Amino acid sequence: MKEGFRQAMAWLHTWAGLIFGWLLFAIFLTGTLSYFKGEITHWMQPEVPAHAVDDARSVAVAQRYLEQHAPTAARWFIGLPDSRDPGLSVMWQDKIDPGRRGNFIEKMLDPVSGEQLQARETMGGEFFYRFHFQLQMPHPWGRWLSTIAAMVMFVALITGIITHKKIFKDFFTFRPRKGQRSWLDGHNAVGVLVLPFHLMITYSSLVIFMTMVMPASIIASYDGDTRAFFNELFPATDNAPALGQPGKLLPLAPLVEQARAQWDGGHVGRLAVNNPGDVNASVNVSRAGSDRVVHDFGSTVSFNGNTGQLLRVSAEQSLPMAIGGSFYGLHMGHFAGPLLRWLYFICGLAGTAMIGTGLVIWLGKRQLKHAKTGVMPFELRLVEVLNLASMSGLLIAIAVFFWANRLLPATFAERSDWEVQSFFIAWGLTLLHAMLRRCRRAWIEQLGLGAVLFMAVPLLNALTTSEHLGVSLAKGDWAMAGFDLTCLGSGLFLAWAAWKMQHRSAVQPRAERARPLTLKGEVH
Amino acid sequence: MKSKASLPLSYRLGVTSRLLAAVVGGYVLASLASVCLSFWLPLSRADAVVSGMLSSFVFYLLAVIWCFACRSAARAWFGVLVPCAILATLAGLAYWMGRP
């Protein structure tokens, strides 16, 4: 029975991993990139200058801009710059319409001059972040699909642990250059090495959208009134409606200072101003997520916008909320400093590698059976093509996204959309390429192309902007320099992988030939 | 796994049935568990709801594992539906006690 249980779990691990592996690979890789969301945006908008952060000045600048450009808006949002992302963002919403999402107008300002930044239009790192959980699908389907993928990942992880009986002994076993064996050892090693990360990241992704995917208890406890549930959880955001009489909004900067005093000098992440031109104006100052590990959704201080009267300070969160908040905070990693951020990035890459090696193993095992006949069944060919497009194809698409950012003219109308489109066009083309070419050739060609594209990114940056490595390193602009260097490193890695693949194709036939000979020897 | 062509139809139907039990039955089980916890946990209403949602995915996982570990598809359904019935009774009891 015990052996049967383990076999059943291995079966579940195999098939859950295969069916969702391609999607999970893309989710993991784009999510890993999202840890450097701000840095990627900085690279993709080289026009945004980095200034020393000064909250009071930024708030004053944003308020002046909004009072001139959106005096009648229903709500303003001000996102303050931080050391990782130097842009000051202001958003406003003319009418609050709960049925529609995202009817915001957003502008990036220079935090010193208050001028609207003439930066190239781009989604920057936000693209990877959004794709990571929305999958470029209409709301809410992408979120559902990514959460379903997270549940499958959870099942695959736990069944993988059950299957893998000698978890610690096998960890020290790595048999290089043994083909299928090496892949399995590698799969196990990256799986076990960062197992706590995998478990945390997977369970937390379920927790992040739990109110969407598991709403039964809200519906049952609040008689279907989900609004009441959220108001009870986050009382600070339950603001008074507009009265329709004009009011005069106070300067926001002193309110920010008052809010910081409430948090013992914690940092402000963003401000929301409700009904800015009304007597019932209210200002919600929210704490920056980078302040601590446990994310507090409701960590908000609310003021009356006309009198400056302190309306509400959100209470310390309860234990269940703190547990939920820790999952969220750990997943997002806002609190992580440079070193920890790199650790997050590496763990994310390890997770991506675990999924990738798993897909390779599935195919490799089954291909061996058909190696002699030379005829590949359709389903194996399908998996092969999808493996190619989902792994090396995605890498090429990411590189093309960066290339498009530098090559599309900065003044080109819908350039931001075209960046995204070039990402998907490139991805589609790699799928086509994978279908047309023989497997090993396709791997070598795609990995090689990816290598060239990534290695040339620093060069491209030097040719199209004045922020090349010589300048950025001398200035100490680590986000810019780090991006170039990481691309170079990724390119070198892909080149090595392509070279390995080429090399292996020369070795393999010899090994294949050797085996039948010995077998014959035994028979005769 | 052997090559798919050699697998009998009954086996495939069994796998489909287990899959349905795991995905649909497991979701219902997880939902009922979260409802039950939100009614019975001695916490404030919002906290109990959050705790129920937080832990629901573990119930889902256990249901999925059960559905593929047990000996037959019938047992898979049995093992999911019986806890569902118990949880539903407990939740109904709490609901009925809460509002006379």
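None of the figures in this text is laboratory data; all of them are computed from the coordinates on show. What you see is a predicted model, and the numbers here were worked out from it, not measured in a lab. We place every Cβ from the backbone using ideal geometry, glycine too, and count neighbours over all the protein chains shown.
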Check: Hey, can you rank A:450-461, A:273-284 by average C-beta count inside 10 Å, highest first?
Finding: A:273-284, A:450-461
Next item on the list: Take peptide B:29-37, look around each residue's Cβ out to 10 angstrom, count Cβ atoms belonging to other protein chains, and average those counts.
Entry: 4
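Given R₀ = 51 Å, what would the calculated FRET efficiency be for A:GLU232 paired with A:ASP54, taking r from the Cβ atoms and rounding to 0.05?
Numbers: r = 37 Å, r/R0 = 0.72.
In this case the efficiency is close to 0.90.
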Check: Which of these, B:SER56, B:SER34, B:SER44, has the largest mean-square fluctuation under a Gaussian network model of chain B (Cα springs below 10 Å)?
Finding: B:SER44
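Counting only other chains, what is the mean number of Cβ atoms within 10 angstrom of the Cβ of each residue in peptide B:70-76? Intermediate values should be presented prior to the final figure.
Working: counts 2, 3, 0, 0, 0, 0, 0.
Mean partner-chain Cβ count within 10 Å for B:70-76: 1.
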Next item on the list: Could I have the simple spin-label model distance between A:GLU316 and B:VAL82, label points 7 Å from Cα toward Cβ, reported in nm to one decimal?
Entry: 4.5 nm
Margin query: Can you compute the modelled spin-label distance between A:GLN502 and A:VAL375, with each label point 7 Å from Cα toward Cβ, in nm?
Written below: 3.4 nm
Margin query: Which residues does the label zone of A:GLN421 cover in region A:368-411, counting backbone N under 19 Å from a point 7 Å along Cα→Cβ?
Written below: A:397-411
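Would you tell me the mean number of C-beta atoms belonging to other protein chains that fall within 10 Å of each C-beta in A:316-325, as a whole number?
Across the residues of A:316-325, the mean count of other-chain Cβ atoms within 10 Å is 4.
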